[in-house]
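J.: First the structure, which I've put down as structure tokens, then a few questions once you've had a look.
The values are calculated or read from the model by the stated rules, or taken from the named source; none is laboratory data. Fair warning: this is a prediction, and the values are worked out from it, not measured in the lab. Backbone-built Cβ (ideal geometry, glycine too); neighbour counts: all protein chains shown.
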Amino acid sequence: MPVPGRVTRAKDRFRAVDPYVRSVTVIDATEEDALLPSRNDETTRARVAGLCRNPALPESLVLRLVDHPAADIVSLMYHRRTWSDELFDVLAAHPNVTVRDQLAMSPGATTEQRVRLVDDPDLCVLMTLLEGLWTTSSEPLPAWAYRKLAADPRLKRILHSYSPVGLPAAAAALADAEDEELAAWARTPRGSEPMTADRARSIAADGSVWEKAEIALDPNLPADVLTALMEDQDPTVRKYVTMRPDLTEQQRTEIGYEVSPHNRLPRLPWVIEAVGDQLQSCVSSSHPGIRRSAACSKNLTADQIATLAADDDFPVRLLLCENQHDVPTDLVVRTYLENRGVNRGEVLSNPAIRNADLTGYANSPEWGARALVVLDRQAPPALIERLSRDEHPGVRYWVASDPRLSPDRLLELLNDPETAGAAAANPTLPREIMEAIIDATDPRDPIGSHAPGAGPHAPIAAAS
């Protein structure tokens, strides 16, 4: 008899779903694979969270998972590539406002689906619809939807806290609204106060450090104001002055500046738009702030890219990887490994990584470099299998979600607390195992409860 908490063997149903995986073996029905011998709370949470990221999660299991106490709702909504109208409508009526709010910002939802939430009773959902998706390719809502959102008294009361410049589609839809308050908001761009000579002098004399720094880059500053800023006691103000285009390298040195790798400096339009000799002087500048902006230029030559790729300032190399496609693959890898920022993974979308042969990094002494091999779609399954047994848990975690893994190895990784979450996100995971992960903790009970008769260490196994 089946043991509670166990699932039947995934015979003949454990198939690769990604087209670049040519073949995988299925689980032998004559073998007993003891899986998940320890069903502790943290491992259960990790598997459920991983399942929320699984791109092959069936729709029927989405509905079960969304109410699981360990579900990661943000990941579940963000990683779903598409939504059927039926599933979207069910979730749009879900009583949990977090589900509806995250659904409203799901990249996989179409504009036609998102507008179905304009009558949502919760202000958070309406605000999410107004603000739109945080992606550059997202489509705005139709004009009627913005007018309906703005007509909600709760949203109307806080509309003034938004800048119409940041919500161009909403502003355009409300510019001719019959409600004069809404129309006035849409027609009034929120910008900085126009700079005049008197205002510049006032800031130079009594302004804050950041007010002075902001005007230091103004190309139309009166000479006396510029002189005052050059002699300002605060090094931040002087540092900004030294990034002006009308100074020579010697003048910058005489004013004095210090730039740390941790300093966030503005991108300088005059550098980004430079060409020819002016751009070359920026690439060769001794000022890291100027070279950082040069790294963002679309006018760089191959030689200039090579020069900046060898720059000793880390932000220069990082910005180069983020803005240039013709950079060496090894530069992107080294920059990724060196970066400790929260957005470090963004450089891995560079074509220098996407189109490269990364198999050579399998023998790197850096575990982070070995982990990147999974991004090479041409890497052979045997190499992926080898890396899944790497000595470093970080490598094993990256590999655990790769669909080129053999079924047996995937289930072993699902059994390992260090890789359980990533393995649960693997698209080749059988439906039976997905269901077992959801059933491992009863959604109606607190995390850590167990099915009757299962006990805290009952395995979820592939049983015949």
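J.: Return the residues of the range 199-231 that are surrounded by 13 or more Cβ atoms within 10 Å (Cβ to Cβ), touching a residue at least 24 places away in the same chain (Cβ under 8 Å) and more than 19 Å from Gly289 (Cα to Cα); say none if nothing qualifies.
T.: Once the filter is applied, which keeps residues that are surrounded by 13 or more Cβ atoms within 10 Å (Cβ to Cβ), touching a residue at least 24 places away in the same chain (Cβ under 8 Å) and more than 19 Å from Gly289 (Cα to Cα), the range 199-231 yields Ala200, Arg201, Ala204, Pro222, Val225, Ala228.
J.: Name the helices (runs of 4 or more DSSP H) wholly inside the range 150-236 in which the number of residues that are within 21 Å of Leu126 (Cβ to Cβ) is 3 or more.
T.: Numbers: elements: 153-158, 168-174, 180-187, 197-206, 209-216, 223-230.
Result: 153-158, 168-174, 180-187.
J.: Which condition breaks for Ala382 when tested against (1) buried (at least 17 other Cβ atoms within 10 Å of the Cβ); (2) more than 24 Å from Arg344 (Cβ to Cβ); (3) of a type in the set (A, V, I, L, M)?
T.: Checking Ala382 against (1) buried (at least 17 other Cβ atoms within 10 Å of the Cβ); (2) more than 24 Å from Arg344 (Cβ to Cβ); (3) of a type in the set (A, V, I, L, M), the one that fails is (1).
J.: Another question, if that's okay. What are the pairs with Cβ atoms under 6 angstrom where one residue, in the range 107-118, is within 15 Å of Leu87 (Cα to Cα) and the other, located anywhere, is surrounded by fewer than 15 Cβ atoms within 10 Å (Cβ to Cβ) and basic (Lys, Arg)? Sequence gap at least six, or different chains.
T.: Hits for this filter: Gly108/Arg81.
J.: Turning to a different aspect of this structure: Tell me which helices (runs of 4 or more DSSP H) are completely within the range 284-352 and hold 2 or more residues being polar (S, T, N, Q) and over 21 Å from the mean Cα position of the chain (by Cα), or say none if there are none. Please lay out each step first, then the result.
T.: On the way: elements: 288-294, 302-309, 314-323, 329-338.
Helices (runs of 4 or more DSSP H) meeting the threshold: 302-309.
J.: Can you confirm whether Asn355 is at pLDDT below 95, within 30 Å of Gln280 (Cα to Cα) and crowded, with 16+ Cβ neighbours inside 10 Å? Working first, answer last.
T.: Values: at pLDDT below 95: yes; within 30 Å of Gln280 (Cα to Cα): yes; crowded, with 16+ Cβ neighbours inside 10 Å: no.
Answer is no for this residue.
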